[in-house]
1. Got at least one residue in the stretch 95-105 being modelled with pLDDT of 95 or more and charged (D, E, K, R)?
2. Given R25, R98, R58, which one is touching a residue at least 12 places away in the same chain (Cβ under 8 Å) and of a type in the set (K, R)?
3. So is R106 touching a helix residue (DSSP H, G or I) at 6+ places or on another chain (Cβ under 8 Å) and either hydroxyl-bearing (S, T, Y) or in a helix (DSSP H, G or I) (or both) or not?
4. Go through the residues of the stretch 78-92 one by one and say whether even a single one is at pLDDT 95 or above, part of a helix (DSSP H, G or I) and in contact with a Gly (Cβ under 9 Å, 6 or more places away or on another chain).
5. Just checking, does the stretch 47-67 include any residue being assigned to a helix (DSSP H, G or I), out of contact with any His (no Cβ under 9 Å at 6 or more places or on another chain) and at pLDDT below 95?
Amino acid sequence: MARADGSGESAELRRLRRRIDALDRRIVRLLNERAELARVVGQAKVAAGRRAIRDVAREREILLRVTMANAGPMPQADLLTLYRRLFASTRALEAADRRRVARAGRIAAEEVGDD
């Protein structure tokens, strides 16, 4: 039986877990890259005069594409849940960015008014 310190693990199990660990690091990097791109998209939406943060049609399009790309074994429902959570996270980042820009604008306007 394997112990908490891993000393009872087989070499094969350790190798497989190292592969999972490496994949986890890649997934985290990719999620952060995606989040950063979503923030840039949010800035572009503001520059284009779009007020809404959420784009339901775009989210639906992504979910459809992800569903079509999933060959398993990840269950579709679980994958969709992950993506919906990802959407919520990136919307929260975009909202925080907008608040930060609005706050900076108010501060700048106050400083100009103080002259």
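The values are calculated or read from the model by the stated rules, or taken from the named source; none is laboratory data. A quick note: this is a predicted structure, and the numbers were derived from the prediction, not measured. Glycine also receives a Cβ, built like all others from the backbone with ideal geometry; neighbour counts cover every protein chain displayed.
1. Looking for residues that are modelled with pLDDT of 95 or more and charged (D, E, K, R), one finds none in the stretch 95-105, hence no.
2. Residue meeting the stated conditions: R98.
3. No: the conditions fail for R106.
4. Yes, the stretch 78-92 has at least one match.
5. yes
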